[in-house]
Amino acid sequence: MQKIDWFTIISDLKKAGISGREIARRLNVSVSTVVMWKNGSSPSYEKGVKLMQMWESVK
């Protein structure tokens with residue numbers, strides 16, 4: 001199974017104008033949690049699905 005590149009997904013969201021703070025707000029997590037995902041941690045399944053849906057909407 002291929003590993004999801006959360007760094008790229010979060011970077012793309014930020015390039016599209018969605019701040020880390022806004023990502024955190026939409027997913028009901030802290031900004032530091034979003035930073036941890038960007039630095040290599042993985043979100044829960046539920047948060048990951050929501051994050052990918054946000055990403056799909058800006059692609």
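The values are calculated or read from the model by the stated rules, or taken from the named source; none is laboratory data. Predicted model, so just to flag it, every value in this text is computed and none were measured. Here the Cβ positions follow ideal geometry from the backbone for every residue, glycine too, while neighbour counts run over all protein chains shown. When the accessible area is computed, the model is the full protein with side chains, heavy atoms only, and any ligands, DNA or RNA have been set aside. Shrake-Rupley method; radii C 1.70, N 1.55, O 1.52, S 1.80 Å.
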How much accessible area does THR33 have with a 1.4 Å probe, in Å² rounded to the nearest 10?
-> 30 Å²
Label-to-label distance, nm, for residues given as VAL49 and VAL31 (7 Å Cα→Cβ offset) = 2.9 nm
Report, to the nearest whole %, how much of the accessible area of the chain belongs to carbon and sulfur atoms, 1.4 Å probe, protein only.
-> 53 percent
Under the 7 Å Cα-to-Cβ spin-label approximation, LYS15 and GLN2 lie apart by a distance in nanometres of 1.7 nm
Given charges of +1 on the Cβ of Lys and Arg and -1 on the Cβ of Asp and Glu, with all other atoms neutral, how large is the dipole of the chain about its Cα centre, in debye to the nearest 20?
-> 140 debye
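What accessible area per residue, rounded to a whole number of Å², is obtained for the chain using a probe radius of 1.4 Å?
On the way: 4100 Å² over 59 residues.
I get 69 Å² per residue for the chain.
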Mean separation of Cα contacts under 8 Å (6+ apart) over length of the chain, as relative contact order % = 41 percent
Accessible area of MET36 in the full protein assembly, 1.4 Å probe (Å², nearest 10) | 100 Å²
